[in-house]
Structures are given as C-alpha cells and as structure tokens.
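Bear in mind that the values in this text are calculations on the coordinates, not laboratory data. All values derive from a computational prediction rather than experimental measurement. Note that each Cβ is placed from the backbone with ideal geometry, even for glycine, and that neighbours are counted across all protein chains shown.
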Amino acid sequence: MSNTDWLYFQPYISQLEGEGKVTRTFRRLDPERQEAIFNAIMEEATEKGPASLNIKEIARRAGVSVGSLYQYFPNRDGLLDFAVDLCTRATIAMFQEYKPMMAAMPLKDAMSAYLMGGLEWGQAAMGLVRFFGRAAYQGDPDLAVRVVRPVATVMRETMQEILTQAQARGEIRPEVDIAAAARALNALMISIGDSQLLPYLNNYFQVSDEIMPFERVAEALLDLIQHGIAAEAK
C-alpha cells in the first residue's frame, strides 16, 4: 500500500483514538510505521487465526518492541480490535464514497469500474485482502459479524444502486427484478475478483490461467451482464 493510500485511513484512526481503541501515541507515528504495525497484525491474524495472535511475533514483523505495542494499544486484544475496526470502516466508507459515481455511469462502464477498481484496490492492500479472505471463507463467527457481513452488505447495496439507476435510465429492462439481480451479479463479481486476489480460489473457479487471460474473462462477463439484463435497443 502506498503512503497516499495509507493516508485514507487517517480519519478512521482518529475515530478509533476517540473510542479508546488506539492511543494518541500511535496516531502521532509516521504513516510508514503505522502501516507496518497494521500489516503485522493482519499477517499474524491471517496466518495464525484471530484467537492465536502472538504479540512478540507482531512486534517482530512490525520492527518494533513489545513495549512499544503496549504504548499504542490498551491491551493484547486491542491490537486485533483496532485492525478489524480500521479495515471495516475504511472499506465501507470507500464503497459509500464511490457508489454515486459508479451508479451514474453507463451500465457496462459501472460494472467494469466495480470489478477492476476493486481488483486494483485489493492488489494495493493485499494484507487486508488476505485477512478478509480468511474471515469470509473460513467461517470465523466473530469476524463474520464484525467484518464480513458489514462489508458484504455495502458491496451488495452498491451493486443494487448501480442497477437501480441503470434501470431508471432505461438501460435495463423494466421487468428485471433488481433486488434479486443485484445479489446474483454481486456474487458473480466477488467470485471472479477474488479468484485473482486469492490464487487458491482460482484453482477451483478456474477463471484464468496461462492460456486464458483474466481480461478476456472479464470482458466476457461484462458482455453477459449487458446482454442478459439490458433493454432492447430502440
């Protein structure tokens, strides 16, 4: 993640400080150190599981002392609470920010932006993506409630708003069930996108390989969507 990308998280770090989930000392660190600590927590939680965090290992990964971590967080459990809340709030806010812009685009352009923009963001934040992938695909009940459901809900709502606005513009046939279509298309987009961010899923979904580039599959997907629900040309 670039320094510019990490700056996006700063307002949410301030919110979490106000809630007592991280200290002012952490907020005053330089962004590179903040990001290193966040990534270390994400990596440890992804590899060991949220219930098995090793604070010494987090300190080693981040290049800080254990004592420093206790200056940044109220307790051991606070490390994961902070990281979970930070990634959830920032991800939800990102979708809410871009939702109106994507909904205003022509349908195919909006679908492309939803898929390719999500991939670009995910590739820049792989630590977060791997953690979310563990939460989503391995079924931790606490993370399902705290991370997966709220993020998945805003993704589905974004897709539904895109389709709602496209139907209002006459791009989608009036009889299409938008609420149901949004769920189907969102699930399809997630599976296609996640296959490129989490390679073990591509082994199952077989979206792309050495003879089938992802771009070709993405274009076919967009055409399927366009022709499947689009209104007839006048």
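Points worth noting:
- Global geometry of the stretch 178-234, whether rounded, prolate or oblate, following the gyration tensor of its Cα atoms and the 1.5 cut on a/c: oblate
- Note on V66 and L224: the extension gain reaches 51.6 nm, defined as 0.36 nm multiplied by sequence separation minus the Cα-Cα distance.
- Across F73, F214, F132, mean-square fluctuation computed from a Gaussian network of the chain (C-alpha pairs under 10 Å connected) peaks at F214.
- Rounded to whole Hz, the Karplus (6.51, -1.76, 1.60) HN-Hα couplings of the stretch 201-211, x for glycine and proline: 6, 5, 4, 8, 6, 6, 6, 9, 7, 5, 10
- P(r) tail fraction, the chain - alpha-carbon pairs more than 28 Å apart, %: 38
- Translational diffusion coefficient (Stokes-Einstein; Kirkwood radius from C-alpha pairs) of the stretch 69-192 at 25 °C, 0.890 mPa s, in µm²/s: 156
- Kirkwood hydrodynamic radius (C-alpha pairs) into Stokes-Einstein, the stretch 128-210, 25 °C and 0.890 mPa s, D in µm²/s: 172
- Restricting attention to the chain, the count of lysine pairs at 8 or more positions apart or across chains with alpha carbons under 24 Å apart stands at 5.
- Packing-based ranking of 95-101, 151-157 yields 151-157, 95-101, ordered from highest to lowest mean Cβ neighbour count within 10 Å.
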